[in-house]
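**Q** What follows is a single structure, and I will ask about it in a moment.
The values are calculated or read from the model by the stated rules, or taken from the named source; none is laboratory data. None of these values were measured; they are calculated from a predicted model. Cβ coordinates were reconstructed from backbone atoms using ideal geometry, including for glycine residues, and neighbour counts include every protein chain displayed. Just so you know, the surface numbers come from the protein's heavy atoms only, side chains and all, with ligands and any DNA or RNA stripped out. Shrake-Rupley method; radii C 1.70, N 1.55, O 1.52, S 1.80 Å.
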Amino acid sequence: MLLIAGGQADPSLHALAEAAQALGSSWVDLRVPTGSSPAFHWDLEADPAPAGAARPTSLPWGDGPPPRGAFIRQDVFAPLDDPRPEVSTRALGWYSAVQGWLLAHPEVRLFNRDITPVPFNKPAALLRARAAGLRVPATWVSNDASRLSARLGEACIAKPVAGGGLCQTLDEALGEASSAPQGQPNFLAMPALVQPRLVAPELRIFVIGSQPFAFEVRSPSLDYRALQDADVRAVPVPSRAAQPLQALMREFRMDFGAADFKTDPDDGDLVFLELNTSPMFARFDMACGGALCRAMVGHLTGSA
């Protein structure tokens, strides 16, 4: 039994559910409709977990057999449609409650159950990626506008150090900075990752268990997420990138993720940008004829 949990509008969860159905895998639909809060009740005192990985006798979301594996993602689509704070707060609360139950039950197969905190910090992950043998871009983590202004003559990009925002050119990032008071240093509100501007094609490599899948992404935009104008196609997995990436993921105790690479315009080499711990995958799954979701279902149900 596979549990699929998150927002009902999430296209990646929809693709995973379709794959489970096509493979004949039993699954429980815990996708929450926008504006809804299904019943959830978890009595920790009555829960035998994690002693001996005992099977639970009751489930906090209702009746049914306990799951063998689960895939969960926080709902980011409901807050996009309705930006009220209570919508995102409800999505986070639901995700935290269900994830808590899953983490407390080691008998349930989860992606990245024992993940280290390093991949959640972009600068730290870049340095560990370099040590693993991946080429990474020359990077500043800085909010010092005066130092950054000296690089305006170069082709540079800036993106939030904490993630969650789109990539910009450096002059766009500095143009949004507020002017400092007279006599005060001019600092950006948040440090940015500042790197040389790389070029298409972009490569995304998914790793599911030990199985890699590669996709070429071409877009005229600096960040294709802004206009969703990317062309995606499955390509052979380049070993020069996949082997050190898999070593890095083993170090991070990850069995699911997607790494993004772009091309150095000077020598055509692939340059590692970041490792996503819970990437969207529906469009990439379409590009490979459903192989991505089939591998995910197989890994989570133990049938791969």
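**Q** Need one word for the range 1-127: rounded, prolate or oblate. Basis is the Cα gyration tensor (sqrt eigenvalues a ≥ b ≥ c); a/c below 1.5 gives rounded, then a/b vs b/c decides.
**A** It comes out rounded by the Cα gyration axes.
**Q** Mind giving me the nanometre distance, one decimal, between the label points for ASP81 and SER149, set 7 Å out from Cα along Cα→Cβ?
**A** Placing both labels 7 Å beyond Cα along the Cβ direction yields 4.6 nm.
**Q** Round to a whole number: what % of the accessible area of the range 35-119 belongs to carbon and sulfur, probe 1.4 Å?
**A** Carbon with sulfur: 57 percent of the solvent-accessible area.
**Q** Moving on to the next point. Peptides 135-143, 4-12: what's the order by average Cβ count within 10 Å, highest mean first?
**A** Highest mean packing first, the order is 4-12, 135-143.
**Q** Which percent of Cα pairs goes in each bin when the distances of the range 69-162 are cut into 10 angstrom slices starting at zero?
**A** Reading upward from the zero bin: 12, 25, 29, 25, 8, 1.
**Q** Would you please put 116-127, 280-291 in order of how densely packed they are, using the mean number of other Cβ atoms within 10 angstrom per residue and starting with the highest?
**A** 280-291, 116-127
**Q** Just to confirm, what accessible area per residue do you get for the chain at 1.4 Å probe, in whole Å²?
**A** With all protein chains present, the chain gives 50 Å² per residue.
**Q** Just to be sure I understand: of the beta bridges DSSP finds with both ends in the chain, what percent are antiparallel, rounded to 5?
**A** The antiparallel fraction comes to roughly 75 percent.
**Q** Based on the Cβ-Cβ distance from MET1 to ALA104, what FRET efficiency comes out when R0 is 25 Å, to the nearest 0.05?
**A** The pair MET1/ALA104 has a calculated efficiency of 0.90.
**Q** Could you sort SER303, SER219, SER96 by their accessible area in this structure, using a 1.4 Å probe and putting the largest first?
**A** SER303, SER96, SER219
**Q** So, one more: Which order do the peptides 31-42, 242-253 take when ranked by the mean count of other beta-carbon atoms within 10 Å per residue, highest first?
**A** Listed from highest to lowest mean packing, they are 242-253, 31-42.
**Q** Next question. Once you've got the GNM for the chain with C-alpha springs shorter than 10 Å, pick whichever of ARG294, ARG204, ARG240 has the biggest mean-square fluctuation.
**A** ARG240
**Q** When the Cα atoms of the chain are enclosed in a convex hull and the volume is divided per residue, what value in Å³ results?
**A** Dividing the Cα hull volume of the chain by its residue count gives 160 Å³.
**Q** Pairs of Cα atoms under 8 Å, at least six residues apart: use those to get the relative contact order of the chain, whole percent.
**A** In percent, rounded to a whole number, it is 19.
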